[in-house]
Amino acid sequence: MIFTYERNAPLLYYEGQHVNNLADIFAFYIYVVLGYDYDSFAFEGGTPYFNKADQIVSICQNGGEPGWKAGIAIIIDFGSFKIYYSLNLHH
């Protein structure tokens, strides 16, 4: 991941828009962490948060910065883990 940051500059995240690569990276990981947390309380409870993380990746892929293509593999891995977790939960 490549991003620029000026000291003391605010990090602004705009949902549905790719404006600041660093803010989008933070938002992506925040949604992933929330997804895992909510999955620990309810079956597929984190799905809305994983979907938000996936949406960030989809939007940022058109931004031109390198590194977001790897984000898809992370989402797929998270999805695979989630599916595997879901299947093992009901055995």
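The values are calculated or read from the model by the stated rules, or taken from the named source; none is laboratory data. Because the structure is a prediction, the values reported are computed rather than measured. Just so you know, the surface numbers come from the protein's heavy atoms only, side chains and all, with ligands and any DNA or RNA stripped out. Shrake-Rupley method; radii C 1.70, N 1.55, O 1.52, S 1.80 Å.
For region 1-41, which positions are hydrophobic (A, V, I, L, M, F, W, C) and under 20 Å from Asn51 (Cα atoms)? If the condition is that a residue be hydrophobic (A, V, I, L, M, F, W, C) and under 20 Å from Asn51 (Cα atoms), then Val19, Leu22, Ala23, Ile25, Phe26, Ala27, Phe28, Ile30, Val32, Val33, Leu34, Phe41 are the ones that fit.
Among the residues of region 1-39, those that are among the β-branched types (Val, Ile, Thr) and in a helix (DSSP H, G or I) comprise Ile25, Ile30, Val32, Val33. Do we have Asp77 as modelled with pLDDT under 85 and open to solvent by 40 Å² or more (accessible area, probe 1.4 Å) here? When the stated conditions are applied, Asp77 passes them.
Checked against the criterion of being under 15 Å from Gly67 (Cα atoms), aromatic (Phe, Trp, Tyr), open to solvent by 40 Å² or more (accessible area, probe 1.4 Å) and within 13 Å of the chain's Cα centre (by Cα), region 21-33 contains one or more residues that satisfy it. Checked against (1) at pLDDT 85 or above; (2) open to solvent by 90 Å² or more (accessible area, probe 1.4 Å), Tyr49 passes all but condition (2).
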